[in-house]
Every structure is written in structure tokens, then in C-alpha cells.
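Everything below concerns the one structure shown next.
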């Protein structure tokens, strides 16, 4: 297996109803076959580096394991997209929990129930998680209602990072797995948005 460098560990350490958010400032990619939205070509910064497999890509998702609908649907869409790829080993998947207090014990099993070699990431340091989410343009809110139940809202996009650690593309919730796979194939073939 190709070596995967995740220096994101400096911010987010590995682990042994959702609400959608609009993404301002992102434009539809000019490529005729690309469905995802292009991200500004901004490095993830000196204190945050998340690198895909060499000559490959990394899909990053911010979610939580007890999400009743959006998260499992998104992870299933990613799984289906990976099955469509000519070279699925060139793409890694990482899920960052936005609900670490409840997720840390179970996140790795959750992620790997969808993607066999998926990467589970999380931290109980609120400032580190907030910084990681900000870099991707992700948002989340964890609160407790009057009945004492935990409520979680979060953005629902998937993000693509290349092997140089550059954010390339995002897909909004509901993007078809065939479109995700087509975009990944274009990116892997060197056709950048």
C-alpha cells in the first residue's frame, strides 16, 4: 500500500438530522465533465498538512457516527464511487468527527464499515477541530437541548486533497456516486479543474 502522510495529526489525532451549509465563493468547475465545485488553490498551511497517497487523492468528510441520514448516505455514496474507479487504491478516505466526545471509541469501526482502509480522525481539543474545519470551509455545531439530548448540525460537503496537500474540489451532499467517480478519474488522469 502506498505511504499516506497525514501530518494533520498535529491538529486532529487518529482514532484506534444533519444541517447543510452553503459554500460561498466556490464556482462550478469549467471542465465539461467535472460535477464538483473547484476550491481556491490554497495550501492547507504550515501548521496543517493533509496529503493523499503519492500520485493519488484523499477525500475528506466532516461528520459524526450517530447521524441518522446525511453521514451514512454520504459514506455510502463514497463507497459506491470507489467501486467505479479504475484504480481505487489511488484514493484514500478520511472522516473527521465533529462529535468527538461520543465518536472517539467507535469512529474507526464506523469509517471502515464503509471503506475498508478508511481513516478515522478526531480530537477533543475544540480549537484544533475548529481550525481543521475552517481550513476546509466546513462548519459544525454540537449542543445539548433542554431534554439533555445532544444535537449536531454540520456542513455536508466532501473535499478532495491532492498528494501535495492542496484542496482541489468539493462535492455537495446528493452528488451522485457516478459523478464523484467521474470527477476522481479526471483528477487522477491529470485533468484538473
Qualifying residue in the stretch 109-130 (condition: assigned to a helix (DSSP H, G or I), modelled with pLDDT of 90 or more, under 21 Å from residue 67 (Cα atoms) and in contact with a strand residue (DSSP E or B) (Cβ under 6 Å, 6 or more places away or on another chain)): yes
Go through the stretch 163-179 and give me each residue that's more than 17 Å from residue 76 (Cα to Cα) and either within 12 Å of the chain's Cα centre (by Cα) or buried (at least 17 other Cβ atoms within 10 Å of the Cβ) (or both). 163, 165, 166, 167, 168, 169
Looking only at residues in the stretch 48-64 that are part of a loop (DSSP other than H, G, I, E, B) and in contact with a helix residue (DSSP H, G or I) (Cβ under 6 Å, 6 or more places away or on another chain), which one is modelled with the highest pLDDT? 64
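Which residue, of 160, 142, is surrounded by 15 or more Cβ atoms within 10 Å (Cβ to Cβ) and under 19 Å from residue 69 (Cα atoms)?
142
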Output the number of residues of the stretch 68-97 satisfying the condition of being modelled with pLDDT of 90 or more and surrounded by 19 or more Cβ atoms within 10 Å (Cβ to Cβ). 15
Can you tell me how many residues within the stretch 55-66 are under 15 Å from the mean Cα position of the chain (by Cα) and closer than 14 Å to residue 140 by Cβ? 6
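The values are calculated or read from the model by the stated rules, or taken from the named source; none is laboratory data. In this text, all values refer to a predicted model and were calculated from it rather than measured experimentally. Note that each Cβ is placed from the backbone with ideal geometry, even for glycine, and that neighbours are counted across all protein chains shown.
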